[in-house]
Amino acid sequence: MRPGREGLGGTARRSRVPIRAATMTGVRNRAARPADVPDMVEVYSASRRDMQARLGVSTPPPSRAALRLAYGHVLSTGMFRVAEAQGRIVAIAGAVLRDSLWFLSAFWTRPDVQRQNIGMPLLREVWDAGVRAGASTFFTWASPDLTALAAYMKLGMLPGYGIFLFEGAPDQLPPVPAGYEAAPPRAT
Ligand SMILES: CC(C)(COP(=O)(O)OP(=O)(O)OC[C@H]1O[C@@H](n2cnc3c(N)ncnc32)[C@H](O)[C@@H]1OP(=O)(O)O)[C@@H](O)C(=O)NCCC(=O)NCCS
């Protein structure tokens, strides 16, 4: 808590950032389809780019080709839902379920419509689908985005530990195992 304008002993000021910008109407949630995957990757890319610029994160994104494969895998082996408004996909939420473990693999809303009550209902649907399918442990790898953290904590996914990313040029790498290919991350 920061001291107020009066200095130490003053009251803490309220945040000027509204928790909810507005509530967007005309949003329809539905199951994702294989044909949606390229648009879902675009939602991810725009949202991630915006989040990184806001928060000063600079890790390179995975390639769109890798993402299309990953999202297709979550779609075919897990549960993936999208929110549509005005004929375009505006948010995505997807999870995989392995035994009783539910892992949130994707949760992104387009930057221009964030905090308008689109992501949370979608996330609850994917969560509820996990409950119905027998999940008992719910977890994710969270970005530092405040809205994401708030959404996760509201559902009961509390912080477990920090994740540190180290950057640098690796050397003395062991040989690549047979059948694998090593490649640097590619910017899209
Ligand atoms: C995280 C994200 C997907 C949420 O989607 P959204 O459409 O913006 O979310 P919503 O408007 O439905 O709001 C989410 C919840 O967070 C709450 N919230 C947001 N900011 C908050 C804050 N500062 N304090 C407390 N609660 C907050 C909202 O009130 C809402 O909860 P409610 O429905 O119970 O009221 C979206 O903001 C986003 O794309 N963020 C950037 C990308 C990112 O980091 N994604 C997570 C990857 S792990």
Item to check | Residues located in segment 97-126, provided they are of a type in the set (S, T, N, Q) and within 7 Å of the ligand (Cβ to nearest atom) | outcome: T109, Q114, Q116, N117
Checklist entry - Residues G134, G78: which one is buried (at least 17 other Cβ atoms within 10 Å of the Cβ), closer than 20 Å to A31 by Cβ and more than 14 Å from the ligand (Cβ to nearest atom)? => result G78
Checklist entry - In this structure, does A129 turn out to be more than 16 Å from the ligand (Cβ to nearest atom), among the small types (G, A, S) and either under 20 Å from E42 (Cβ atoms) or surrounded by 10 or more Cβ atoms within 10 Å (Cβ to Cβ) (or both)? => result yes
Checklist entry - Of all residues in segment 80-117, how many are touching a helix residue (DSSP H, G or I) at 6+ places or on another chain (Cβ under 7 Å) and within 24 Å of Q52 (Cα to Cα)? => result 20
Next on the checklist: What's the number of the only condition in (1) over 12 Å from the mean Cα position of the chain (by Cα); (2) surrounded by 14 or more Cβ atoms within 10 Å (Cβ to Cβ) that S105 fails to meet?
Outcome noted: (1)
Next on the checklist: Can you list residue pairs whose Cβ atoms sit under 9 Å apart, with the first residue in segment 99-124 being under 22 Å from E42 (Cβ atoms) and at pLDDT below 95 and the second being of a type outside the set (D, E) and crowded, with 23+ Cβ neighbours inside 10 Å? Count only pairs 6 or more apart in sequence or on different chains.
Outcome noted: none
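The values are calculated or read from the model by the stated rules, or taken from the named source; none is laboratory data. Model, not experiment: these values are computed from the prediction. Using ideal geometry, Cβ is built from the backbone for each residue, glycine included, and neighbour counts are taken over all protein chains shown.
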